[in-house]
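Participant: Handing you this structure, nothing more for now.
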Amino acid sequence: MSDNLKQGTLFEMKNETQTGPVTCLGLTFENDDARRAYFTEELRKKLPELKKIEGYPIGNDEDILALSDPPYYTACPNPWFKDFIYEWNTSDSSNSDENRYHREPFAADVSEGKNDPIYNAHSYHTKVPHKAIMRYILHYTDPGDIVFDGFCGTGMTGVAAQLCGDRNTVMELGYQVKNDGSILREEVDEEGRSIWKTFSKLGVRRAILNDLSPAATFISNNYNMPVDVQSFRDDAQSTFDYVEKKYGWMYETRHSDGQIGAINYIVWSDVFICPECSGEVVFWNAAVDREVGRVKDVFPCPHCDTILGKKQMERAKISKYDAALQETTIQAKQVPVLINYSVSGKRQEKLPDDLDFELIQKIENMEVPYWHPTNELIDGFNTRQPKGSHGITHSHHFYTKSSLFWLSALTDRCKRYDYTFLPTFSIINTITKLYRYVVKKPDYKGQGGGILSGTLYAPSLVRGLSASSSYKRSISRLEKIFSFKSEYSNYAISTGDVSKIEAPDSSLDYIFIDPPFGANLNYSELNFLWESWLKVSTDNKPEAIENSVQQKGLDEYRQLMTNCFKEAYRVLKPGRWMTVEFSNTKASVWNSIQTALTEAGFIVANVSALDKKQGSFKAVTTTTAVKQDLVISAYKPSEEMKNRIESNSNTEESTWAFVRNHLENLPVFIGNKGSADLIVERTPRVLFDRMISYYVQNGFNVPVSSAEFQNGVIQRFPFRDGMVFLEAQVAEYDKKRTLVRDFSQMNLFVTDENSAIEWLRQQLLAKPQTRQDLHSNFMKEIQHISKQELLPELDILLEQNFLQYDGISPVPSQIHTYLSSDYKELRNLTKNDPVLMRKAKERWYVPDPNKQADLERLREKSLLREFETYRDELVGNRKKLKQFRTEAIRAGFKKAWGEKDYQTIVTIGERLPENVLQEDDKLLMYYDNAQIRLGL
């Protein structure tokens, strides 16, 4: 882009009704141009202070100002967030009474595809469909509420917030909308009939959006800003016509009959050197078999017939003068091997001929007359491959000369970094040497290829797309972004660290975030090309990822995420909800997210699935990858709850205050298609874990033991299907439970003692069994037990956690119910009938909650004895524990915490294998907090 960017009218081609007086943050301006000019100067004054904020982007003042559209969008931390929030909160007070707000967690699984035109208008590394986000926003908020997304990416949360006011889009979700704006969803009443029940109101929600990446916030702004579709179409077409007239000839080739065809793409192939004869081997010619649609793993050298593989050979290199760098560079040699083009409306293919080679050489010898970036490729995890394999060291090396001509010419035609630049911006990555040509079978109907998701991988076969045709396609796609009615007054966007948001305490109504997950994606590296053209790039110091080059491991990632969640906790109103989308296969990363959430103060209430209907590259090809993303629903405790617990933190009553409040925030019933699901959060064991986490994170002593908790729960709350309810909830559960036939248990993957116990519980809830019945299936389930887990024998697990019928006393109701329903000959028999007693003898079953408490006492004593042996074993030496019962470590840490023996927790924690701490949220919670208490 020209170094002297014109601050021209953003909507220069709009009609007069769109350039009239505008009001922004209480100020009235002649038009948007005047508004922008005023706030740009105000932003300029604020830059010196904003630069002190960690996460401030890398770029000079003029480029940051040119990229911004203040106050709605700033390519740096947005200093007007507080003003927007104050204006929105005072203009809409429909939810001013926080005590009236109540929502259960959105517990239904969501399935929204990626085929929506708005979703597909611009690519990004990860995106949650806006229609999926709409379901959450409609559930948790009312019109006028403020939604926050601190990792906004392309701004889908902002789009979703605005589209909550669009009747047609809401109805596309399967909801009904009444004339008064009430939104209804289909439910089942107590008679099993389908009914439509009001759950939300039609109306726009406001969005506060943030991302560390200038590329992301630039896309977000263009997704959310109001733009006239016709103006966009006219402006983009005018830009295309200008560049096409000057450089369209670069994508022309001659057909066999002499007609001029328009090139769709050129396939470029790596050239290798045979290690035997030193002859050049064109990879396409030697390895590609198009007749069967595959690339051979081994192939003969065309010169000496030596059998070769790609890994055996070095790439051929070429040395050439780089005019942009004014130095000679050495890069991998790539040659054109196939041209795909269109003539008379039909696609054709040809081998490059002399005229094609002459044209390519002519372009190569020309000097690009416009500005283009020459940024040096940053040192990173994803940048090593293109550097090492192909000698791609600077941003312009990713392009063929023709692509570089087009991009720079298109950029030069844009007056500002706004919607006029978006079609150019959208093809910056797609017309690079990263775009793979994938050899397909002859009858394959699709296009194939593409950039390898989540990488900067430079392939051996490049599909060099025509910038001309790519730009035309981008215009068509991007029109969809502007097809919905948006308003400036409904969003504000900031660029910077999410842990440094300029927003008041307890001022936002709902949070939806899709944060980075471990080492899944390194966004700052993947956005390198986009940000090179924007002249503003990411400061990756606060980037919450695992990256060995940035020296960020799992601990650093967890701390960065904790900082982000603490800020989210600060700005969220008490009693309100946050939704976190999670996509990672590693248990340690899942644990880090949960730990970060609890450290920040959030309480997890539900985990559901979000099916995007289209797997990522890894999800499709790797059997261990998750096929569905998980969605965590967590809430910020109300002030009333916090005050009640803090004022009675050392008493047992505070425990039950926590449990009552938590139960109020849990779904009452989850189920569909005639089946009820176990709500894990309502089981006594998970309730106890949530209570302990809250107390430990807040520095309180845990006032009850596991056994006391079990006793207290059964005395104070009704139970159904092994789950705990409030009196006000149990009637609703009973009504809905009678309408379903089956009860679905969790799908478990047994890796330790805790999950083994839960697996046994599920088996025995469904069917009381003898040890012999259980044994063979149990042995199959424990094949994947963690190597450090010292799993007790099946007999011990049964004795410590369940009860066995002795055949003497009356048959327990748990066994009686099962036998009388599954065996016709045993129906209508009394519990002391000899026939029934013989059939029931030696069967293990899940005890009633009151008897469970007695078992918990015995088990806890046994676990603590085991813990003492570990502690004794480690006295006077520095060896690590190699095998142990994780449950014994948990019990010992809990006891030590209650006795304020923090040193024991830290000492034992240091002797555990690192992966055990990283993958166990309870152990990590005790260990981290004990370190804090000791000042470590």
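The values are calculated or read from the model by the stated rules, or taken from the named source; none is laboratory data. Owing to the predicted nature of the structure, the values given are computational and were not obtained by experimental measurement. Every residue, glycine as well, gets a Cβ built from its backbone with ideal geometry; the counts of neighbours run over all protein chains shown.
Participant: State all residues of the range 325-348 that are farther than 29 Å from ALA262 by Cα and touching a strand residue (DSSP E or B) at 6+ places or on another chain (Cβ under 9 Å); if no residue qualifies, say none.
Facilitator: Filtering the range 325-348 down to residues farther than 29 Å from ALA262 by Cα leaves 325-330.
The answer is LEU325, GLU327, THR328, THR329, ILE330.
Participant: Shifting gears a bit: Just checking, does the range 104-112 include any residue being surrounded by fewer than 17 Cβ atoms within 10 Å (Cβ to Cβ), at pLDDT 90 or above and part of a loop (DSSP other than H, G, I, E, B)?
Facilitator: No: the range 104-112 contains no residue that is surrounded by fewer than 17 Cβ atoms within 10 Å (Cβ to Cβ), at pLDDT 90 or above and part of a loop (DSSP other than H, G, I, E, B).
Participant: If a residue has to be in contact with an Asp or Glu (Cβ under 7 Å, 6 or more places away or on another chain) and either acidic (Asp, Glu) or outside any loop (DSSP other than H, G, I, E, B) (or both) to count, how many in the range 721-762 make the cut?
Facilitator: 7
Participant: Return only the number of the condition from (1) in contact (Cβ under 8 Å) with a residue 40 or more places away in the chain; (2) under 30 Å from VAL227 (Cβ atoms); (3) in contact with a His (Cβ under 8 Å, 6 or more places away or on another chain) that LEU404 does not satisfy.
Facilitator: Checking LEU404 against (1) in contact (Cβ under 8 Å) with a residue 40 or more places away in the chain; (2) under 30 Å from VAL227 (Cβ atoms); (3) in contact with a His (Cβ under 8 Å, 6 or more places away or on another chain), the one that fails is (1).
Participant: Do we have any residue at all in the range 307-319 that's free of Cβ contacts under 8 Å to residues at least 60 places away in the same chain, in a strand (DSSP E or B) and buried (at least 16 other Cβ atoms within 10 Å of the Cβ)?
Facilitator: Within the range 307-319, one or more residues are free of Cβ contacts under 8 Å to residues at least 60 places away in the same chain, in a strand (DSSP E or B) and buried (at least 16 other Cβ atoms within 10 Å of the Cβ).
Participant: Answer yes or no: is there a residue in the range 778-785 that is closer than 22 Å to GLU887 by Cβ and acidic (Asp, Glu).
Facilitator: yes
Participant: So is LYS895 within 37 Å of the chain's Cα centre (by Cα), surrounded by fewer than 21 Cβ atoms within 10 Å (Cβ to Cβ) and more than 27 Å from PHE709 (Cβ to Cβ) or not?
Facilitator: No; evaluated as a whole, the condition is false for this residue.
Participant: Separate question: Collect the residues in the range 136-159 that are in a loop (DSSP other than H, G, I, E, B), of a type in the set (Val, Ile, Thr) and closer than 15 Å to MET578 by Cα, keeping them in residue-number order.
Facilitator: The one that is in a loop (DSSP other than H, G, I, E, B), of a type in the set (Val, Ile, Thr) and closer than 15 Å to MET578 by Cα: THR141.
Participant: Here is a further query. Quick one: would you say ILE493 is in contact with a Gly (Cβ under 9 Å, 6 or more places away or on another chain) and in contact (Cβ under 8 Å) with a residue 60 or more places away in the chain? Even if it seems obvious, please write down each step before you answer.
Facilitator: Numbers: in contact with a Gly (Cβ under 9 Å, 6 or more places away or on another chain): yes; in contact (Cβ under 8 Å) with a residue 60 or more places away in the chain: yes.
Criteria met by ILE493.
Participant: Within the range 672-682, which residues are buried (at least 20 other Cβ atoms within 10 Å of the Cβ) and either hydroxyl-bearing (Ser, Thr, Tyr) or touching a Ser or Thr at 6+ places or on another chain (Cβ under 9 Å) (or both)?
Facilitator: Within the range 672-682, just ALA676 meets the criteria.
Participant: Going by the structure shown, is PRO847 modelled with pLDDT of 85 or more, under 41 Å from the mean Cα position of the chain (by Cα), outside the structural domain of ALA707 (by TED's automatic domain parsing) and farther than 17 Å from ILE796 by Cβ? Please lay out each step first, then the result.
Facilitator: Details: modelled with pLDDT of 85 or more: yes; under 41 Å from the mean Cα position of the chain (by Cα): yes; outside the structural domain of ALA707 (by TED's automatic domain parsing): yes; farther than 17 Å from ILE796 by Cβ: no.
No: the conditions fail for PRO847.
Participant: Kindly provide the set of residues from the range 567-617 that are charged (D, E, K, R) and at pLDDT below 80, ordered by number.
Facilitator: Matches in the range 567-617: LYS586, ASP611, LYS612, LYS613.
Participant: Please state which one of SER494, SER486, SER474 is in a loop (DSSP other than H, G, I, E, B) and either buried (at least 17 other Cβ atoms within 10 Å of the Cβ) or over 20 Å from the mean Cα position of the chain (by Cα) (or both). Quick ask: steps written out before the conclusion?
Facilitator: Details: SER494 fails: in a loop (DSSP other than H, G, I, E, B); SER474 fails: in a loop (DSSP other than H, G, I, E, B).
Answer to the check: SER486.
Participant: Of these, VAL292, VAL298, VAL288, VAL282, which one is among the hydrophobic types (A, V, I, L, M, F, W, C), out of contact with any strand residue (DSSP E or B) (no Cβ under 9 Å at 6 or more places or on another chain) and under 25 Å from TYR437 (Cβ atoms)? If you could, list the steps in order and put the result at the bottom.
Facilitator: Numbers: VAL298 fails: out of contact with any strand residue (DSSP E or B) (no Cβ under 9 Å at 6 or more places or on another chain); VAL288 fails: out of contact with any strand residue (DSSP E or B) (no Cβ under 9 Å at 6 or more places or on another chain); VAL282 fails: out of contact with any strand residue (DSSP E or B) (no Cβ under 9 Å at 6 or more places or on another chain).
Criteria check complete, one pass: VAL292.
Participant: Looking at the range 201-234, which of the residues that are surrounded by fewer than 24 Cβ atoms within 10 Å (Cβ to Cβ) and small (Gly, Ala, Ser) is nearest to PHE425 (Cα to Cα)?
Facilitator: Only one residue tops the list, namely SER231.
Participant: Can you tell me which condition ILE133 does not meet? The list is (1) touching a strand residue (DSSP E or B) at 6+ places or on another chain (Cβ under 8 Å); (2) part of a loop (DSSP other than H, G, I, E, B), and all the others hold.
Facilitator: Failed condition: (2).
Participant: Name the residue that is surrounded by the most Cβ atoms within 10 Å (Cβ to Cβ), counting only residues in the range 822-852 that are of a type in the set (A, V, I, L, M) and free of Cβ contacts under 8 Å to residues at least 12 places away in the same chain. If you could, list the steps in order and put the result at the bottom.
Facilitator: First, the residues of the range 822-852 that are of a type in the set (A, V, I, L, M): 826, 829, 835-837, 840, 846.
If we keep only those that are free of Cβ contacts under 8 Å to residues at least 12 places away in the same chain as well, we get 829, 835.
Values: LEU829: 18, VAL835: 11.
My answer is LEU829.
Participant: Examine the range 819-832 for a residue that is among the small types (Gly, Ala, Ser) and touching a Leu at 6+ places or on another chain (Cβ under 9 Å), and state whether such a residue exists. Please lay out each step first, then the result.
Facilitator: As a first pass, look at the range 819-832 and keep what is among the small types (Gly, Ala, Ser): 820-821.
Adding the requirement that they be touching a Leu at 6+ places or on another chain (Cβ under 9 Å) leaves 820.
Yes: one or more hits.
Rundown of residues vs (1) in a helix (DSSP H, G or I); (2) out of contact with any helix residue (DSSP H, G or I) (no Cβ under 9 Å at 6 or more places or on another chain); (3) not assigned by TED's automatic domain parsing to the domain that holds SER460, yes/no style:
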{"position": "LEU407", "(1), (2), (3)": "yes, no, no"}
{"position": "THR411", "(1), (2), (3)": "yes, no, no"}
{"position": "ARG416", "(1), (2), (3)": "no, no, no"}
{"position": "THR420", "(1), (2), (3)": "no, no, no"}
{"position": "THR424", "(1), (2), (3)": "yes, no, no"}
{"position": "LYS433", "(1), (2), (3)": "no, no, no"}
{"position": "VAL438", "(1), (2), (3)": "no, yes, no"}
{"position": "PRO442", "(1), (2), (3)": "no, yes, no"}
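Participant: Test TRP80 against the stated conditions and say whether it is at pLDDT 90 or above and either in the same structural domain as HIS662 (by TED's automatic domain parsing) or under 21 Å from ARG576 (Cα atoms) (or both).
Facilitator: no
Participant: Does the range 218-235 include one or more residues that are more than 38 Å from the chain's Cα centre (by Cα) and either aliphatic (A, V, I, L, M) or in the same structural domain as LYS127 (by TED's automatic domain parsing) (or both)?
Facilitator: No, there is no match, as no residue in the range 218-235 is more than 38 Å from the chain's Cα centre (by Cα) and either aliphatic (A, V, I, L, M) or in the same structural domain as LYS127 (by TED's automatic domain parsing) (or both).
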